[in-house]
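The values are calculated or read from the model by the stated rules, or taken from the named source; none is laboratory data. Computed from a predicted structure; not experimentally measured. Here the Cβ positions follow ideal geometry from the backbone for every residue, glycine too, while neighbour counts run over all protein chains shown.
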Amino acid sequence: MFKINDYIMYGTTGVCQVMDIKSEQFLMDEPQDYYVLNPIYTEHTTIMIPVESQKVSARRLHSKEDVKNFIEQILSNELFWIDDVRERNLVFRSMVNKMDCESLITLIRSIYHHKKEGSSMKKINKNDEDVMSLAKKLLNEEFSMILGIEPEEVSDYILERVAQ
């Protein structure tokens, strides 16, 4: 259970702060406790999610030590590619929805590698670009909160550590 003022990752929304926990009754349903979330990088938005829902994709932010370990292991994450566009889109979307930093890193590196490679057999499409942008957004938001830097600075921070 999260507490008020906790920072969490919520689905593809990104980093949110738990602003409140309150009981609400909607329509004919029984009253239920909800987290009131404020997405950190989206202005003027409030989200309410049920405290007890099994369907809610929310987790605590990783620790600074976890982030350092993710960065240290970046180059050892195995790259992969799926030639079938539909299957690739399903797998990539599934990886983003897992909200797992290792999966996000693998996804970003795999798409970037194939984009850079430029082989006509391994082109990326708009779905690949979109899912890579979303993965970068989620990773940059979480790492920036943990490291105390701006989201735009995360890529340079990672590149500096990987190059050492």
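Conditions tested, residue by residue: (1) touching a Gly at 6+ places or on another chain (Cβ under 9 Å); (2) over 29 Å from TYR157 (Cβ atoms); (3) outside any helix (DSSP H, G or I).
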residue	(1), (2), (3)
MET19	no, no, yes
MET28	no, yes, yes
VAL36	no, yes, yes
HIS44	no, no, yes
MET48	no, yes, yes
GLU52	no, yes, yes
LYS55	no, yes, yes
VAL67	no, no, no
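Does at least one position in the stretch 81-95 carry a residue that is assigned by TED's automatic domain parsing to the domain that holds LYS115, touching a helix residue (DSSP H, G or I) at 6+ places or on another chain (Cβ under 7 Å) and either loosely packed, with under 12 Cβ neighbours inside 10 Å or part of a loop (DSSP other than H, G, I, E, B) (or both)?
Looking for residues that are assigned by TED's automatic domain parsing to the domain that holds LYS115, touching a helix residue (DSSP H, G or I) at 6+ places or on another chain (Cβ under 7 Å) and either loosely packed, with under 12 Cβ neighbours inside 10 Å or part of a loop (DSSP other than H, G, I, E, B) (or both), one finds at least one in the stretch 81-95, hence yes.
Please find, within the stretch 96-116, the residue that is nearest to the chain's Cα centre (by Cα) out of those that are surrounded by fewer than 16 Cβ atoms within 10 Å (Cβ to Cβ) and part of a helix (DSSP H, G or I).
ASN97
Give the number of residues within the stretch 57-68 that are among the polar types (S, T, N, Q) and closer than 13 Å to ILE146 by Cα.
Count: 1.
When the residues of the stretch 1-17 are filtered to those that are of a type in the set (A, V, I, L, M) and assigned to a strand (DSSP E or B), which remaining residue is farthest from GLU141 (Cα to Cα)?
Filtering the stretch 1-17 for residues of a type in the set (A, V, I, L, M) gives 1, 4, 8-9, 15.
Next cut, assigned to a strand (DSSP E or B) only: 8-9, 15.
Numbers: ILE8: 11, MET9: 9, VAL15: 6 Å.
Ranking the qualifying residues of the stretch 1-17, first place goes to ILE8.
Scan the stretch 51-70 and tell me whether some residue there is within 16 Å of LEU107 (Cβ to Cβ) and either surrounded by 14 or more Cβ atoms within 10 Å (Cβ to Cβ) or of a type in the set (A, V, I, L, M, F, W, C) (or both). Don't jump to the end; show me each part of the working.
The initial filter retains those residues of the stretch 51-70 that are within 16 Å of LEU107 (Cβ to Cβ), namely 70.
With either surrounded by 14 or more Cβ atoms within 10 Å (Cβ to Cβ) or of a type in the set (A, V, I, L, M, F, W, C) (or both) added as a condition, the list becomes 70.
The answer is yes, given that some residue of the stretch 51-70 is within 16 Å of LEU107 (Cβ to Cβ) and either surrounded by 14 or more Cβ atoms within 10 Å (Cβ to Cβ) or of a type in the set (A, V, I, L, M, F, W, C) (or both).
Can you tell me which residue is surrounded by the most Cβ atoms within 10 Å (Cβ to Cβ) among those in the stretch 22-45 that are over 17 Å from the mean Cα position of the chain (by Cα) and within 26 Å of CYS101 (Cβ to Cβ)?
The residue in question is TYR35.
For VAL67, only one of the following conditions fails: (1) at pLDDT 95 or above; (2) closer than 14 Å to TYR10 by Cα. What is its number?
With respect to (1) at pLDDT 95 or above; (2) closer than 14 Å to TYR10 by Cα, VAL67 is out only on (2).
As an exercise: evaluate SER53 against (1) in the same structural domain as VAL18 (by TED's automatic domain parsing); (2) in contact with a Phe, Trp or Tyr (Cβ under 9 Å, 6 or more places away or on another chain); (3) of a type in the set (Ser, Thr, Tyr) and give the number of the one condition it does not meet.
Here SER53 meets the rest and fails (2).
Among the listed residues GLU150, GLU129, GLU142, GLU102, which satisfies the condition of being under 21 Å from GLY14 (Cβ atoms), touching a strand residue (DSSP E or B) at 6+ places or on another chain (Cβ under 8 Å) and not assigned by TED's automatic domain parsing to the domain that holds TYR41?
GLU142
Going by the structure shown, is ASN77 out of contact with any Pro (no Cβ under 9 Å at 6 or more places or on another chain) and modelled with pLDDT under 90?
It is true that ASN77 is out of contact with any Pro (no Cβ under 9 Å at 6 or more places or on another chain) and modelled with pLDDT under 90.
Exactly one condition in (1) over 21 Å from ILE146 (Cα atoms); (2) hydroxyl-bearing (Ser, Thr, Tyr); (3) at pLDDT 95 or above is not met by SER119; state its number.
Single failed check for SER119: (3).
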